[in-house]
Amino acid sequence: MAVKTLGLIMHGVTGRMGMNQHLIRSICAIRAQGGVVLSNGERVMPDPILIGRNAEKIEALAKAHGIARWGTDLDAALANPADTVFFDAGTTQMRPTLLAKAIRAGKHVYCEKPIATNLNEAVEIARLAQEASQKRGLKHGAVQDKLFLPGLRKLDMLRRAGFFGRMLSVRLEFGYWVFEGDLQPIQRPSWNYRKEDGGGMILDMMCHWRYVLDNLFGEVKAVSCIGTTHIPQRWDEAGQPYECTADDAAYATAELTGHNGEPVIAQLNMSWATRVNRDDLVTFHVDGTHGSAVATLTGCKAQSRVNTPRPVWNPDVKQTMNFAEQWQDVPDTQVYDNGFKIQWEHFIRHVVEDAPYQWTLPEGAKGVQLVEAALASWSERRWIDVPALKV
């Protein structure tokens, strides 16, 4: 079968997420496997050009991974008709401008999230993309990688099988201790903790939780949230102290309308100032009338109605039950590929053969909507409704 080439502009891939998940584990992995297989058996081979501001960094990255093309001139890359897709994993603050520029240059666009730092810009770029899709056939997408995690795919299988009965509640626990930088080297960029640079837990993570909640548990209807800056001072990449102006933790409750129309309550705890005593850096505990399940990044364990034990509350006697052993693992019934790579393959098929694709920029705008609602709830100390978003 013939192999087609897809010219791809990759912007902002010298950062941790762009380099590891999108370049190395997605595009390089797709190239190594011989491209993306289409429905007719043909293959599409991504041909990326890496674009960034630091020529030395971008050249070294390209050479390290066998990428022939790289550069620092985004305008020149956008002017090349052979490169039909633009991808951005740079700063959130620049994203709407870059996406608009690429759309006006006639490119399909795909990007990291959040798609903007505020809802007005998110809706504006989503509308521009929708208009370009209708008039010029341009495709658009936003990364929603957590839907493709093995643990959440197993959880979704339980949901689709009716395992939970009527779903009651979801409890999400996310986070770990991010080193301040004085004693141990930092493991997240310092800009994450500066509001003026687009940092903050609510902006970073609420856009994730929106698509997870909407797709797996129920449509978000309202949110109550409080954020905080637990660690007021950190040390940057040069070892210099700086004031943290962004929230490093947030605690939220959301009201959902479940897929069967029944209410579902979601509790969302997220922190970069917590030490982990759970099975993974994120866990999703779902309770239903007929069963419960707990998913991690890669695994999922469940307990059905008929297998639920009868614990006895007695504070005077040491607990003898090992509750963790009372759950059953949901087995691996297939090979689970990297979630970012799976979504890249979906998007490439969407671009090349118009395969169905649901993770669009309007879906990304919904994430920013929940961010703004959570920030408003924190500021105003009240519940905030989350109405249906019209794009």
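The values are calculated or read from the model by the stated rules, or taken from the named source; none is laboratory data. Keep in mind that this is a model prediction, so the values were computed, not measured. With ideal geometry, Cβ positions are generated from the backbone for all residues, glycine too; neighbour counts draw on all protein chains shown.
Looking at Pro114, is it surrounded by 22 or more Cβ atoms within 10 Å (Cβ to Cβ) and touching a Leu at 6+ places or on another chain (Cβ under 8 Å)? In short, yes. Of all residues in the range 72-84, exactly one satisfies the criterion of being assigned to a loop (DSSP other than H, G, I, E, B) and of a type in the set (D, E, K, R), namely Asp73. Screening the candidates Lys113, Lys154 for the property of being at pLDDT below 95, in contact with a strand residue (DSSP E or B) (Cβ under 8 Å, 6 or more places away or on another chain) and either in the same structural domain as Pro48 (by TED's automatic domain parsing) or under 30 Å from Ala295 (Cβ atoms) (or both) yields one hit, Lys113. The test for being of a type in the set (Asp, Glu), assigned by TED's automatic domain parsing to the domain that holds Glu124 and outside any strand (DSSP E or B) does not hold for Asp47. Among the residues of the range 116-163, write down those that are without any contact (Cβ under 8 Å) to a residue 12 or more places away in the chain and acidic (Asp, Glu). Hit for the range 116-163 is Glu131, nothing else.
Of the residues making up the range 247-273, those that are buried (at least 20 other Cβ atoms within 10 Å of the Cβ) and in contact with a Leu (Cβ under 8 Å, 6 or more places away or on another chain) are Ala250, Ala252, Ala254, Leu256, Val264, Ala266, Leu268, Met270. Within the range 73-81, is there a residue that is within 26 Å of Ala388 (Cα to Cα) and at pLDDT 95 or above? No, because not a single residue in the range 73-81 is within 26 Å of Ala388 (Cα to Cα) and at pLDDT 95 or above.
Out of the residues in the range 354-391 meeting the condition of being in a helix (DSSP H, G or I) and hydroxyl-bearing (Ser, Thr, Tyr), tell me which one is farthest from Val44 (Cα to Cα).
Step one: list which residues in the range 354-391 are in a helix (DSSP H, G or I), which gives 361-380.
Pick out the ones that are also hydroxyl-bearing (Ser, Thr, Tyr) and you get 377, 379.
Working: Ser377: 46, Ser379: 48 Å.
This residue is Ser379.
Residues in the range 57-111 that are β-branched (Val, Ile, Thr) and within 22 Å of Met205 (Cβ to Cβ) were compared, and the one that is surrounded by the fewest Cβ atoms within 10 Å (Cβ to Cβ) is Thr91.
Please indicate, with yes or no, whether at least one residue in the range 297-309 is in contact (Cβ under 8 Å) with a residue 60 or more places away in the chain, under 30 Å from Val109 (Cα atoms) and in contact with a Gly (Cβ under 9 Å, 6 or more places away or on another chain). Scanning the range 297-309, I find at least one residue that is in contact (Cβ under 8 Å) with a residue 60 or more places away in the chain, under 30 Å from Val109 (Cα atoms) and in contact with a Gly (Cβ under 9 Å, 6 or more places away or on another chain), so the answer is yes. Working only within the range 14-49, note down all residues that are at positive phi, modelled with pLDDT of 95 or more and either among the charged types (D, E, K, R) or surrounded by fewer than 17 Cβ atoms within 10 Å (Cβ to Cβ) (or both). Gly34, the sole residue that qualifies.
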